[in-house]
1. Mind pulling the per residue volume of the convex hull built on the Cα atoms of the chain? Å³ is fine.
2. Any idea how many Lys pairs in the chain come in under 26 angstrom at the alpha carbon, given 8 or more places apart or on separate chains?
3. Compute the whole-percent fraction of alpha carbon pairs in region 169-284 spaced more than 17 Å apart.
4. Any chance you could list the semi-axes, whole Å, largest first, of the equivalent ellipsoid that the Cα gyration tensor gives for region 160-203, using √(5λ)?
5. Tell me, what is the per residue accessible area of the chain in Å², probe radius 1.4 Å?
6. If you put +1 on each Lys and Arg Cβ and -1 on each Asp and Glu Cβ, how big is the dipole of the chain around its Cα centre, in Debye rounded to 20?
7. Separation between the E35 and K109 pseudo-spin-labels, each 7 Å from Cα along Cα→Cβ, expressed in nm?
8. Scale the Cα Rg of region 14-72 by the rule-of-thumb value 2.2 N^0.38 Å and send over the ratio, two decimals.
Amino acid sequence: MTDRYDPYPTRLKEYHPPFLRRDPVVHSRNQRRWEGPLDEVALSRYERDGFLWFEGFFSHDRITPFLEELKEMAQDEELMRSEQVILDPNSGAIRSVFGMHEISENFDKLTRDLRILGMVRQLLGSEVYIHQSRINDKFGFQGSGFDWHSDFETWHSEDGMPRMRAVSASLMLTDNNEFNGPLMLIPGSHIEFVPCVGETPEMNWKDSLKAQRLGVPDRDALARLADRGGIQAPKGPAGSLLLFECNTLHASNENMSPWPRSNLFFVYNSVDNALEEPYAAPSRRPEFLGARRNVEPLTMHDDFPELAGQGVGPLR
Ligand code: 6CS
Ligand code: FE
């Protein structure tokens, strides 16, 4: 596919300077159809920073069943042997389990929570589907970190995601504090696309999910964007929720504390931004990394329909 227009060239043979993104951040501006629960303050904060943080979004008792289910999954030898389970390159413990929303009904319902789905449709200005879901585990004293990157840079080059019209939701299943490797983000970094040098080899994901070497922005760009926007590491109790734009630069340190850090990630893509062929990779990645079949628009799920309209929205 040499003649296709590529709005975000990356994985290049030689350096190309960063440039302003070619897509809006909030895609529903002036479209009443996609009004949602976010007010103008939240929308402008998302446009400015590239993420929104909701401390204590879910109550603790809403999170516990997920952790119970994860313990059961870890006993599932067949699942643990599958290629959608990535082991930590240093300790051999579980680092990521992909395709969570297809493994578990509980996780699937969470991706359709009416408050989250309402916000995401508002941000993307369309119906949405799950591009990718995963649990990232960092056990105490050993969980490895993740180098600085833009998720969109990978999803564009290796999964063929055409435009910046996706949002990641990250639900903290354990407390995230300054010691157990919380996600770090560079506010405002989503505004620029940082092309990366280095061509994508065949089956790159076999290595990149253990330690990302390609698609890592150059240090000058990282330093300039961090000097301009700083670095933030949202911290809070299990049940807190982070929404971050697909091009917001993020990373996390290894977990040197005795406390685990488990976060669930589910990525919403606009139904108008469906995957094409990879823009900078020799072949497609597996379905559990970039959905091409299970892409029906998500329908809302309400855990407490009996309370609908009674204005007594329970602690969820
Ligand atoms: O390659 C991917 O899709 C994954 N890699 C990282 C480091 N973040 C996004 C995603 O889980
Ligand atoms: Fe990432």
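The values are calculated or read from the model by the stated rules, or taken from the named source; none is laboratory data. Everything numeric here is computed off the predicted structure, so don't read it as measured data. Note that each Cβ is placed from the backbone with ideal geometry, even for glycine, and that neighbours are counted across all protein chains shown. These area figures cover heavy atoms from the full protein model, side chains too; ligands, DNA and RNA do not enter into them. Shrake-Rupley method; radii C 1.70, N 1.55, O 1.52, S 1.80 Å.
1. Spelled out: Cα convex hull of the chain, divided by residues, is 137 Å³.
2. Lysine pairs meeting both conditions in the chain amount to 13.
3. 66 percent
4. 27, 16, 14
5. Per residue, the chain has 45 Å² of solvent-accessible surface.
6. Approximately 620 debye in magnitude.
7. In this crude label model, E35 to K109 measures out at 3.0 nm.
8. In units of the globular-protein estimate, region 14-72 measures up at 1.75.
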